[in-house]
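K.L.:
I'd like to ask you about the structure that follows.
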Amino acid sequence: MSEAPDFMFDRETETMPRKALAELQAERLRWSLERAYEHVPHYRQAFDAAGVKPGRLRTIADIRHFPFTVKTDLRDNYPFAMFAQPVNTLARIHASSGTTGKPTVVGYTKADVERWGDLMARSLACIGARPGDIVHNAYGYGLFTGGLGAHYGAERLGCAVVPVSGGGTERQVTLIEDFRPRILCSTPSYALNIAEVATQMGVDIAAGSLARGIFGAEPWSEQMRAELDRALGLKSVDVYGLSEIMGPGVAVECDTARAGLHGWEDCFLFEIIDPETLEPLPMGEEGELVITTLTKEAMPMIRYRTRDITRLTDEPCACGRTHLRILRVTGRDDDMLIIRGVNVYPSQIEAVIIGLEGLAPYYQIRLFKEGHLDAMALEVEVQPGVPTDEQSLCARAAELRHHIKSVIGVTCEVVAKGPGEIPRSQGKAVRVVDER
Ligand code: DLL
């Protein structure tokens, strides 16, 4: 394993002994609970209904007595009722795209925006960015937190940001070739799109300047990591976040180990619960990630149920950072497909596709009804240069079908298509088309 990094953005906090970190968390947690109770009617009602008061918290473990917050609480309090201070005192408002109904709205004070910039600077340094680097930021700018989140962090670290946002992929390739950025910020699916367009343009992007990719906002597999490392000639590193909690930079891998994402515990409390019983699970067990903010002023989030399924570890990391690690998020519980009784995440399917020769890493899953049962059809693409006559495509499809059955245990229809036939991602990839 490689040696510990020579540079950290905030070494004192990042390497704080776990006991001191726990003390800091307890103090900040009390502050956050009090702020929520005093200033947000939703929390006052929820705490009262559960018979808990912020003063009841003695140790961090007492958090288990406090009620959860879920996405519908944000919707029910649309637009600003989850804020702990008047909207005219805030510095920023973001919102989710909201595919169904009203979007979820999140607010930040000036201090929140600054803290976010610090945490994202810390995250960028953690993946190997350094002051003076050029950062090509292809996360979408706008209401989505990716673009501005990465932007403020990179500036805070002392980098020069190229704020290209998503889309216009040929131009992105040209800018990467000409400006020679060391860092690429993007969703993993869009990074793959950039690599493909570069190849079509005859640009050898893997031989260029990129050294690190900070990829997140959607689930991706280890196989996709290997593919991105190869196609872009960089080290791909995973970053996690969600707008309800802050945006990107809640947790990030270190480029030393690339084995789990350090969750910044000075600012967030992480729990894993059993999504059925809602009981907290011990360190190391898989369940739903629940996050409480410890420093957010504008919108404290108490025990927010992320729906993301993962595990935590507090094993020491080779990089020397003491903050616990969140293992790669394989998917959200609402993305989990149940096909004839078998639980499947799209990222597991991705892993099988990328492992097979001749197939390109693009796919889309179609869900439909077969009688009363849910069924799944998978559309994939062959790589350029691979024969695309009907017989060859059928043979590829049959091979993939067989592998999915043997690796994941689910039977599905597979259709292999020619290169370019699956829609390409501009941001978060649409992996599942639900026709039920
Ligand atoms: O996706 C924030 C973000 C921007 C993170 C840029 C990383 C990079 P939302 O749009 O609110 O915020 O979506 C949050 O996306 O609950 C996860 O389900 C998923 N997600 C985010 N990062 C990862 C990741 C941003 N690294 C939701 N791996 C979260 C798997 C991820 N899923």
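K.L.:
Find, among the trypsin sites (Lys or Arg not before Pro) in the range 10-56, those assigned to loop by DSSP (not H, G, I, E, B) with at most 12 other beta-carbon atoms within 10 angstrom. Don't skip to the answer; put the middle values down first.
P.N.:
Details: sites: ARG11, ARG18, LYS19, ARG28, ARG30, ARG35, ARG44, ARG56; in loops: none.
Qualifying residues, ordered by number: none.
K.L.:
Shifting gears a bit: Over the range 62-141, what portion of Cα pair distances is larger than 16 Å, expressed as a whole percent?
P.N.:
That tail contains 67 percent of the Cα-Cα pairs.
K.L.:
Moving on. Place the peptides 79-91, 295-307 in order of packing, highest mean first, counting for every residue the other Cβ atoms within 10 Å and averaging per peptide. The partial results should precede the final answer.
P.N.:
On the way: 79-91: 15.3, 295-307: 22.3.
The peptides rank, most packed first, as 295-307, 79-91.
K.L.:
Sorting HIS262, HIS42, HIS402 by accessible area (1.4 Å probe), largest first, what list results?
P.N.:
Sorted descending by solvent-accessible area, the residues read HIS402, HIS42, HIS262.
K.L.:
Out of residues 5 or more away from GLU381 or on other chains, whose amide H comes under 5 Å of its own, with H placed 1.01 Å from N in the peptide plane?
P.N.:
ALA360, TYR362, LYS417
K.L.:
At a Cα cut-off below 24 Å, give the lysines reachable from LYS296, other chains included and same-chain residues fewer than 8 away excluded.
P.N.:
The reachable lysines, counting only those whose Cα sits under 24 Å from LYS296, are LYS19, LYS53, LYS71, LYS102, LYS110.
K.L.:
Could you list, by residue number, the cysteines of the chain that have no other cysteine's beta carbon within less than 4.7 Å of their beta carbon?
P.N.:
CYS126, CYS159, CYS185, CYS267, CYS317, CYS394, CYS412 - these cysteines have no disulfide-compatible partner (Cβ-Cβ under 4.7 Å) in the chain.
K.L.:
I've got another one for you. Out of all DSSP beta bridges in the chain, what portion is antiparallel? Express it as a percent rounded to 5.
P.N.:
60
K.L.:
Quick one: what are the phi-derived ³J(HN,Hα) couplings along the range 66-73, Karplus 6.51/-1.76/1.60 with θ = phi - 60°, whole Hz, x for glycine and proline?
P.N.:
8, x, 7, 10, 10, 4, 5, 4
K.L.:
Okay, moving on. Determine one quarter of the surface area of the Cα convex hull of the chain, which equals its mean projected area, and express it in nm² to one decimal.
P.N.:
Result: a mean projected hull area of 21.5 nm².
K.L.:
Once phi is turned into θ = phi - 60°, what whole-Hz ³J(HN,Hα) does the Karplus curve with 6.51, -1.76 and 1.60 give for every residue of the range 37-49, x standing for Gly and Pro?
P.N.:
Whole-Hz 3J(HN,Hα) from phi for the range 37-49: 5, 6, 10, 10, x, 4, 5, 4, 5, 5, 5, 4, 4.
K.L.:
To continue, here is another question. Can you tell me the order of 286-294, 199-207, 161-169 when each peptide is scored by its average per-residue count of other Cβ atoms within 10 angstrom, highest first?
P.N.:
Order by mean packing, descending: 286-294, 161-169, 199-207.
K.L.:
So how much accessible area does LEU192 have, in Å² to the nearest 10, using a 1.4 Å probe?
P.N.:
10
K.L.:
With +1 on the Cβ of every Lys and Arg and -1 on the Cβ of every Asp and Glu, and nothing else charged, how large is the dipole of the range 1-334 about its Cα centre, in debye rounded to the nearest 20? Before the final figure, lay out the partial values.
P.N.:
Details: 37 positive and 46 negative charges, 136 e Å.
In debye, rounded to 20, the range 1-334 gives about 660.
K.L.:
Putting +1 on Lys and Arg Cβ atoms and -1 on Asp and Glu Cβ atoms, find which of TYR345, TYR43, ILE291 reaches farthest to the positive end of the dipole of the chain.
P.N.:
Working it through, the farthest residue towards the positive pole turns out to be TYR43.
K.L.:
Computed FRET efficiency, Cβ-Cβ of ALA257 and ALA81, R0 51 Å: what is it to the nearest 0.05? Show your work: numbers first, answer last.
P.N.:
Working: r = 42 Å, r/R0 = 0.82.
With a Förster radius of 51 Å, E is 0.75.
K.L.:
Could you give me the ³J(HN,Hα) list for the range 257-272, computed from phi with Karplus coefficients 6.51, -1.76, 1.60 and θ = phi - 60°, whole Hz, x at Gly and Pro?
P.N.:
Couplings: 9, 6, 9, x, 9, 5, x, 6, 6, 5, 10, 9, 9, 9, 10, 10 Hz.
K.L.:
Here is a follow-up. I'd like the antiparallel share, as a percent to the nearest 5, of DSSP beta bridges with both residues in the range 297-436.
P.N.:
Counting DSSP beta bridges with both partners in the range 297-436, the antiparallel share is about 65 percent.
K.L.:
Quickly work out the PHE368-to-ALA207 label distance, labels modelled 7 Å from Cα along the C-beta direction, and quote it in nm with one decimal.
P.N.:
Distance between the two pseudo-spin positions: 4.6 nm.
K.L.:
If I model a spin label as a point 7 Å beyond the Cα along the Cα-Cβ vector, how far apart are those points for GLU357 and ASP274 in nm?
P.N.:
So the label points at GLU357 and ASP274 sit 4.6 nm apart.
K.L.:
Tell me the per residue accessible area of the chain using a 1.4 Å probe; a whole number in Å² is fine.
P.N.:
42
K.L.:
Can you list the lysines whose alpha carbon sits under 23 Å from that of LYS235, skipping same-chain ones fewer than 8 residues off?
P.N.:
Counting by Cα, and skipping residues close in sequence, LYS235 has these lysines nearby: LYS428.
The values are calculated or read from the model by the stated rules, or taken from the named source; none is laboratory data. As the structure is a computational prediction, the values presented were derived from the model and not from experiment. Every residue, glycine as well, gets a Cβ built from its backbone with ideal geometry; the counts of neighbours run over all protein chains shown. Just the protein is used for accessible areas: all its heavy atoms, side chains included, with ligands, DNA and RNA removed. Shrake-Rupley method; radii C 1.70, N 1.55, O 1.52, S 1.80 Å.
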